[in-house]
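Heads up: the structure comes next, in structure tokens.
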Amino acid sequence: MLDTPFVWLLALRLPTLFSGRALHRAALHAVAAGVYPAAEALFERAAEHYRMDLEVERLARLRVHQLIARVRAAGDADRDTALCLEVEQRLTRLGTIESLEAPFDLVPASRLLASWARAPRPESDDAEARGDPAATLPDAA
């Protein structure tokens, strides 16, 4: 249910209808779909919930996912080595983290540390060119 652009738009417009966990999962679905602008906005909405609820561990995991999304959004040619290092440093501090593939189960952070940079990216970097309606979601929020 959290993997559709319609739900992402709804979550961005009315984030109080969703839990922080649901927003975080929706953001992970957006990352998996390569819709990075929507993912970024959803991560921020989830972070607001986590901060209000004082869910520090979940917020830490979310921030790692958000950094991974930023690295992937930049593409291989523009990969920022400092940002990559930050992802890896943060992963070493975590015990577990949601995987980057649906259903986003908790996995040992060391497993993600070994594979996050090699994960496949969508075929096209341009979500609008793929006809993805979520490409403009952050502008609509």
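Every test in (1) under 24 Å from SER19 (Cα atoms); (2) of a type outside the set (A, V, I, L, M, F, W, C); (3) loosely packed, with under 15 Cβ neighbours inside 10 Å is passed by THR81 save one, and that test is (1). Give the residues of region 8-30 that are part of a helix (DSSP H, G or I), buried (at least 20 other Cβ atoms within 10 Å of the Cβ) and either of a type in the set (S, T, N, Q) or at pLDDT 95 or above (or both), sorted by residue number. Of everything in region 8-30, those that are part of a helix (DSSP H, G or I), buried (at least 20 other Cβ atoms within 10 Å of the Cβ) and either of a type in the set (S, T, N, Q) or at pLDDT 95 or above (or both) turn out to be GLY20, LEU23, HIS24, ARG25, ALA26, ALA27, LEU28, HIS29, ALA30.
Filtered by the rule that a residue be at pLDDT 85 or above and part of a loop (DSSP other than H, G, I, E, B), region 77-132 gives LEU94, GLY95, SER99, LEU100, GLU101, ALA102, PRO103, PHE104, ASP105. Residue check: is ALA69 crowded, with 18+ Cβ neighbours inside 10 Å and either touching a Gly at 6+ places or on another chain (Cβ under 6 Å) or in a helix (DSSP H, G or I) (or both)? Yes: the conditions hold for ALA69.
The values are calculated or read from the model by the stated rules, or taken from the named source; none is laboratory data. On a predicted model such as this, the values are computed, not experimentally measured, just so you know. Glycine gets a Cβ as well: all are built from the backbone with ideal geometry, and neighbour counts include every protein chain shown.
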